[in-house]
Amino acid sequence: MEMVFVNQAREHVGEEITMAGWVTHYRSSGKIHFVIVRDGTGVMQCVVKNPLAILKNLDAWDGLTQETAVRIRGTVHADPRAPIGVELEAEEVVVVGPSEGYPVAPKEHGVDFLMDHRHLWIRSPRQAAILRIRAAVIHATRDFLDSHGFVVADPPIITPAAAEGSTTLFPIDYFDDTAFLSQSGQLYMEALAMALGRVYSFGPTFRAEKSKTRRHLTEFWMVEPELAFCEFEENLVWQEQLVSHIVQHVLATCADELHTIERDISRLETIVAPFPRITYDEALARLAEAGLPLDWGEDMGAPHETALAGMFDRPVFVTHFPVSLKAFYMQPDPARPDVALAADLLAPEGYGEIIGGSERIHDLGLLLQRMDEHHLDLAVYGWYIDLRRFGSVPHSGFGMGLERIVAWICGLDHVRETIPFARTLNRVWP
Ligand code: 4AD
Ligand code: MG
């Protein structure tokens, strides 16, 4: 008999099936016993009407403690009261692996306790649902980019220099030298765009962020598309198309998971391109009205991003930031050189920046000038400068933080739940 996963059980009403999973609860009411089993795809209630006749290799039903692994054969019945619409009437229960003293009981635990037990906490239906949504976001991202002619190309993780500023680099011993974990593959993606046209990378990036916020990890995954012959405005269109595709894909394929985590999906249904755009200057004016004044040239913090995003029902682009706030490679606006052709995409509901992107400087002289202003070692970046010497063209790209977008789609308090094993300022374990 073929094994059926919980999320397929609805297609097997009236049939005898076998399922396998782990016990989340066991309770009995008189003669009838209920075993609630999760298998990673969902949670199923199994009803046992004659327990002693069917539990094969266990002395007592009391052995069906939390996380006991079981294989159950039975018949699927429709049950409108069940969260997944069906339940299983069990005819045979076999214990595959016992579980004693499971520490992550279904009661409230503190965050430190849960993170210390992350290797077990990921089994909880809520955490598993979040990780399944993460997988759907990854799938939708790759699907969108692959089907629009982007070539996946992988930049190195061990790098000789900073891409995003030297203060958040993780150094590593590289034989007799020092190298750094990549903060962003962007500079390499620019080289790859000149070789392949439209490219993207999707991999881990590392930042020695000293900030202890709900949006910062020291190891996070970033998608970095880069497009040759693409200017600032077109770059924004790609971003909004990608984000709407991701959200709509999750809505279409993760209904059970969104239900499990109790996400208000009406907040996601409106996420359809185009997204509003406001300049940094307009943002300052709106913030001043909202009682959060900033001087021109000051960077926005989380409260500013939250207030701005709260003014819209979908993500909003903030564009044309002061050049002084942004990375050395960003193209200044030719019409107004004190602002960069850069944009941050802010997610609704207080999730802040999910994408950072820009048009890149393609003029050799201007790039050298900006690198000089940033005191960058021309020897280390020599290969990057070469890109401006041999057929340099306008090009643009962006970086989308996977954990940020998953946290927003799932409506989570903290990015640590969006990645299987989070790395933060004070945690590299388990
Ligand atoms: O804005 P950032 O720093 O941009 C870059 O690294 C560019 N080189 C990307 C590019 O244009 N190719 O980072 C991009 C995104 C942010 O918008 C955010 O979503 C995410 O990466 N991010 C982080 N996510 C989790 N933890 C952190 N510490 C993050 N830092 C950035
Ligand atoms: Mg940024």
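Straightening the chain between residue 324 and residue 429 buys 34.1 nm, computed as 0.36 nm per residue apart minus the Cα-Cα spacing.
Paramagnetic label reach from residue 336 (point 7 Å along Cα→Cβ; backbone nitrogen cut-off under 17 Å): within region 287-308, residues 287-288, 294-300. Note on residue 134: accessible area is roughly 20 Å² with a 1.4 Å probe, heavy atoms of protein only. Separation of region 132-202 and region 5-33, taken as the distance between their Cα centroids, equals 44 angstrom. About its Cα centre, region 6-97 has a charge dipole of approximately 180 debye under the convention of +1 per Lys or Arg Cβ and -1 per Asp or Glu Cβ, with nothing else charged.
Using only Cα atoms and rounding to the nearest 10 degrees, what angle (0 to 90) does helix 364-373 make with the longest principal axis of the chain? For 364-373 against the chain, the angle is about 80 degrees. Springs between Cα atoms under 10 Å define the GNM used for the chain, and in it the highest mean-square fluctuation of 110, 97, 350 occurs at 110.
Taking 18 Å as the cut-off, no amide N atom of region 139-177 comes nearer than this to a point 7 Å along the Cα-to-beta-carbon line of residue 212. Report, as a whole number in µm² per second, the diffusion coefficient that Stokes-Einstein gives for the chain at 20 °C and 1.002 mPa s using the Kirkwood radius over alpha carbon pairs. Result for D is 88 µm²/s.
Distances between placed amide hydrogens fall under 5 Å for residue 331 paired with 341, 359, 360, 361, all partners being 5 or more residues away or on another chain. Per-residue accessible area (protein heavy atoms, 1.4 Å probe) orders 421, 229, 275, 312 as 229, 421, 312, 275, starting from the largest. Within the straight-line cut-off of under 25 Å between alpha carbons, the lysines reachable from residue 49 are 31, sequence neighbours fewer than 8 places apart in one chain being disregarded. Extension gain, residue 241 to residue 89: 0.36 nm times the residue separation minus the Cα-Cα distance gives 50.1 nm. To the nearest ten degrees, helix 125-147 and the longest principal axis of the Cα atoms of the chain are 50 degrees apart. With both residues required to sit in the chain, DSSP beta bridges show an antiparallel share near 90%. Please work out whether region 8-134 counts as rounded, prolate or oblate from its C-alpha gyration tensor, where a ≥ b ≥ c are the square roots of the eigenvalues and a/c under 1.5 means rounded, while otherwise a/b larger than b/c means prolate and anything else oblate? Verdict is oblate for region 8-134. Can you tell me the FRET efficiency between residue 231 and residue 3 if r is taken as the Cβ-Cβ distance and R0 is 45 Å, rounded to the nearest 0.05? My answer for the efficiency is 0.30. Near residue 273, the amide H atoms lying under 5 Å from its own belong to 244; only residues 5 or more places off or on other chains count, and H is placed 1.01 Å from N. Report the FRET efficiency, 1/(1 + (r/R0)^6), for residue 157 and residue 29, where r is their Cβ-Cβ distance and R0 is 41 Å, rounded to 0.05. After rounding, the FRET efficiency stands at 0.15.
If the segment from residue 117 to residue 421 were pulled out straight at 0.36 nm per residue, it would be longer than the present Cα-Cα gap by 108.4 nm. Compute the helix-to-body angle for 186-196: its Cα long axis versus the longest principal axis of the chain, expressed 0 to 90° and rounded to tens. Helix 186-196 sits roughly 90 degrees off the main axis of the chain.
Normalised by residue count, region 355-430 yields a Cα convex hull volume of 165 Å³ per residue. A crude spin-label estimate for the pair residue 124 and residue 277, with each label 7 Å from Cα along the Cβ direction, gives 4.3 nm.
Using just its DSSP H runs of length 4 or more, each adding -39500 (n - 2.57), the chain gives a mean residue ellipticity at 222 nm of -8000 deg cm²/dmol after division by all residues.
The values are calculated or read from the model by the stated rules, or taken from the named source; none is laboratory data. Keep in mind that this is a model prediction, so the values were computed, not measured. Backbone-built Cβ (ideal geometry, glycine too); neighbour counts: all protein chains shown. Side chains included, ligands, DNA and RNA excluded: accessible areas come from the protein's heavy atoms. Shrake-Rupley method; radii C 1.70, N 1.55, O 1.52, S 1.80 Å.
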